Amino acid sequence: MISTAIRLARVGSAAELAAAALLILGFPALMLAALVPSVPAFAAVTAVTYLADHYLHRKGSYLVNRLSKIRAGLSIRFLIRQLLLVLLLARLSLSDDLVFYGAVACFIAFYGLQAPHGALVTLIRNRRRMPVATRNIDLRSRVRIPDAPPRRLMHRSAEKMLHLDLPAVAGILLSTALHPAVAFTGTGLTVGLGCLYVLVLMPYVRGRKVPPRAGAVLAAVDDWLTGYKPETVLYFSGSKDSAYQVNMWLETMERLDTRPLVILRERVVLRGLAPTTVPVLCVPGGVHLMNLDLSSVRVALYAANVGKNIHLLRVPTMKHVFIGHGDSDKLASVNPYSKVYDEVWTAGRAGRDRYAIADVGVRDDDIVEVGRPQLAPVRSARGGPKDRVPTVLYAPTWEGWDGNPGNTSIVLAGENIVTKLITADPPVRVLYKPHPFTGNVSEAAKAAHRRIAALVEESAAARATDSRFTADSAALDRAKAELARIEARLAELAGAGGSKGDEAEATRDGNTDVDRHEETARLRAEWNDAYWRSFPSYEHRVIKGAQPRLYDCFNVCDAMVSDISSVVSDFIASGKPYAVTDSAAVGADEFRRQNTAVRAAVILSNGAAELGGLLDAVRAPAADPLADARAELKRYLLGPDEPKSIDRFNTALADLALRSEARNAGRQPRPGAANADPAETAELVDAVPGQRTASAGETAGAMAGETAGAMAGETAGETAGEVARAMAGEAEGVTAG
């Protein structure tokens, strides 16, 4: 029942549910205490509502954040509490007392301070929001970016401002039993502290504490681009949850033979970006992006098919390549949008054939097989499990947007698969690592995931007490100690190069320390090794979060069960046995015909009765009937082992860059050019458009339109106007929320 309530209330734990209940029930209890009247009861309930409210905000509870939608937001809750305190004073026959009038005057003045406070906070945040945020780009020597206001002033500022009513509330309640002077002391403190908070914020909207205008920042970025001359760009736009799609390419970008640059379009993706030494530009505004000097770029790589790609695709001086974020038989791998690119790069022959069969307009001549450079960490199979319990990874994909039952096995087959694995005889170990999007669309998928995780965890607890399984506790303790040491050092490194106060500071100081970056990479590899040694090799595990990575799970398992997704194509690089679930029940033969990646797989029905074939292949690798088929399929899907994928990738980049250079120089022959008049040919060459260079007026107009809220004013009148607009538009949300 509690779990149902937690799900319905959309809170994360029983403690959050209890805090929410106390908060919601606290206000009727406050009214009752005011009407009785009972000062001790009112004081006790007031304390409970303060603490419950604070706890829910600190946890970022969905429920408390949604209260503003029903006109019960943060400011309203504080206001109601204060009105009930005034009601308590009236019921105590103090309506003619100076304490009563002092309380009313205090709360009116206090709420009068909310608007300038909210306006200043909004104005500071807008002015410190950069038109272009960067990482690993030196802007410090080109433009002055001042320090951010102290975090204690800006973080959860509305909540902090509202909590300044505590001295007044406490003083008024105490004055009912003590001297009226206590009330006036408390109300004076509340109003004084509120005024002080507003005054402390004011310097950050004027003078040298304000970042430069958008034009100066963009000019500094262009100056850096002119000096750096990027040659290859990785371009990405997406949601917060899709940051993994660009993160998977960062190590490849670091290994390019050309000068790389990453361009992002959303700030939320920048915040989720993995550490990298590659320069990163986050350009939210389309006009700003189109006015950047990217004339040195010869190849642009796209990891996702999204609408914002058009802002770079329009540039004719570079070649555009779709590289995607995985290789699978899903429809997304043959998206008709792909024909807008100059080339489409696939891992192996399978990708080329998919486009030919789909007939979506991508020409065979425009497809290049480059392998999957990201798969370098995946180790090949090296015999069977020998003297340990075999490990089977269950890594289902998510449910997708269209409700197709064939998207994921987790709903119809997941529990059957895990049940058969945890009850297998001889025993195996189960690692369960679901897709991070699981349950985002389907409640059934979310519920199935929870049941599967519970199955794995319950079986792990039961196995820990089973006398058949023993472990070297001393070795486990050493591994845990090593894990703690590594985590402490990683935390220290993260703190030393941690995130700055805000976006402006992160742009100014966001240069990666190469030594720290290399040490972090080495420690993460050591962490991964220690992690797997920190618990028994027979213990089932639910793998949550980003660490350990999926490829690390590939390397410790002996077989995998998954669905149609890039996970299967990637796992094939290991050469290990695998099974794929025919969740749509189309039949094994038709399933193989439709999906290239399952040609060497054990095909599972939703009942998972066929799992025995997979486990037999794990226990007796020499008798595995699909071993040769997996080796052949690996070459077909991912290309040959030699030359290495990163070398093929760099070769493809170099070839395309040369063709881009030739095209820009007008050396590429046009159809019919042999019979054309030389003067006409020269005219056509000169007519090839370069990157758009906006006039000063156009640039100023674009900047005014896109970054009006972020620009700093130079005159008192301009500042006053901005404050007025912020007070009118933004402070209302602060007060209501």
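Readers should treat all values here as calculations from the given coordinates under stated rules, not as data from a laboratory. Here the structure is a predicted model, which is why all the values come from computation and not from measurement. Cβ coordinates were reconstructed from backbone atoms using ideal geometry, including for glycine residues, and neighbour counts include every protein chain displayed.
Name the residues whose placed amide hydrogens come within less than 5 Å of the amide hydrogen of LEU234, ignoring near sequence neighbours (fewer than 5 apart) on the same chain.
Amide H to amide H, under 5 Å and 5 or more residues apart or across chains, LEU234 pairs with LEU261, VAL262, ILE263, LEU301.
Using unit Cβ charges (K, R positive; D, E negative) and no other charged atoms, how large, in debye to the nearest 20, is the dipole of the chain about its Cα centre?
Details: 85 positive and 80 negative charges, 294 e Å.
Dipole about the Cα centre, nearest 20: 1420 debye.
Match the structure shown to one of the listed values (i) 25.8, 90; (ii) 31.2, 114; (iii) 31.1, 104 of Rg and Dmax of the Cα atoms in Å, computed from it, and give that label.
(iii)
Could you state the principal axis extents of the C-alpha atoms in region 218-317, from the largest down, to the nearest angstrom?
Reported extents, whole Å, longest axis first: 32, 29, 24.
For the pair ASP364 and GLU415, how long in nm is the line joining their label points, each one 7 Å along Cα→Cβ?
4.9 nm
In whole angstrom, how long is each semi-axis of the equivalent ellipsoid of region 472-535, when you take the square root of 5 times every eigenvalue of its Cα gyration tensor and sort them from largest down? Don't skip to the end; give the middle numbers.
Details: eigenvalues 195, 24, 11 Å².
So the three semi-axes of region 472-535 are 31, 11, 7 Å.
Where the Cα atoms of region 491-576 are projected onto their three principal axes, how long is each span, largest first, in whole Å?
46, 31, 22
Taking region 122-219 as the region of interest, what is the percent of Cα-Cα pairs per 5 angstrom bin, listed from the shortest bin to the one with the maximum distance?
2, 12, 17, 15, 12, 10, 8, 7, 6, 5, 3, 2, 1
Region 595-649: D in µm²/s via Stokes-Einstein (Kirkwood Rh, Cα pairs, 25 °C, 0.890 mPa s)?
Values: Rh = 13.0 Å.
Using the Kirkwood radius from Cα pairs, D works out to 189 µm²/s.
Taking the convex hull of the alpha carbon atoms in region 382-473, what volume per residue do you get, in Å³? Could the numbers behind the result be given before it?
On the way: hull volume 11.7 nm³, N = 92.
So the per-residue Cα hull volume is 127 Å³.
Semi-axes of the equivalent ellipsoid of region 31-169: what are they in whole Å, largest first, if each equals the square root of 5 times a C-alpha gyration tensor eigenvalue?
Numbers: eigenvalues 313, 61, 27 Å².
Equivalent ellipsoid semi-axes, largest first: 40, 17, 12 Å.
So who's got an amide H within less than 5 Å of the one on HIS320, skipping anything under 5 residues away but keeping other chains? H placed 1.01 Å off N, in plane.
Amide H to amide H, under 5 Å and 5 or more residues apart or across chains, HIS320 pairs with ALA300, ASP342, GLU343.
Out of all DSSP beta bridges with both ends in the chain, state the antiparallel percent to the nearest 5. Provide the component values of the computation, followed by the final result.
Numbers: 3 of 40 bridges.
That works out to approximately 10 percent antiparallel.
Return the FRET efficiency for the residue pair ALA181, LYS160: r is the Cβ-Cβ distance, R0 is 25 Å, and the value is rounded to the nearest 0.05. Intermediate results must be reported in sequence, preceding the final value.
On the way: r = 27 Å, r/R0 = 1.08.
Between ALA181 and LYS160 the formula returns 0.40.
List the DSSP H helices in the chain whose Cα atoms stretch 24 Å or more along the helix axis and whose mean Kyte-Doolittle hydropathy is at least 1.6. Write out the running numbers ahead of the final one.
Details: long enough: 14-35 (32 Å, 2.11); 39-58 (28 Å, 0.60); 74-91 (26 Å, 1.69); 98-127 (43 Å, 1.05); 180-201 (32 Å, 1.73); 443-464 (32 Å, -0.06); 473-496 (34 Å, 0.14); 514-533 (29 Å, -1.63); 645-664 (28 Å, -0.37).
Taking the DSSP H segments of the chain (at least 24 Å long, mean hydropathy at least 1.6), we get 14-35, 74-91, 180-201.
What is the spin-label model distance, in nm, from ASP147 to ALA41 if the labels are put 7 Å beyond Cα along the C-beta direction?
Inter-label distance under the simple model: 5.1 nm.
Report the dimensions of region 535-640 along its three principal axes from the alpha-carbon atoms, largest first, rounded to Å.
41, 36, 30
Collect residues whose amide H, placed 1.01 Å from N in the peptide plane, falls under 5 Å from the amide H of ILE367; neighbours closer than 5 in sequence don't count.
Amide H to amide H, under 5 Å and 5 or more residues apart or across chains, ILE367 pairs with VAL344.
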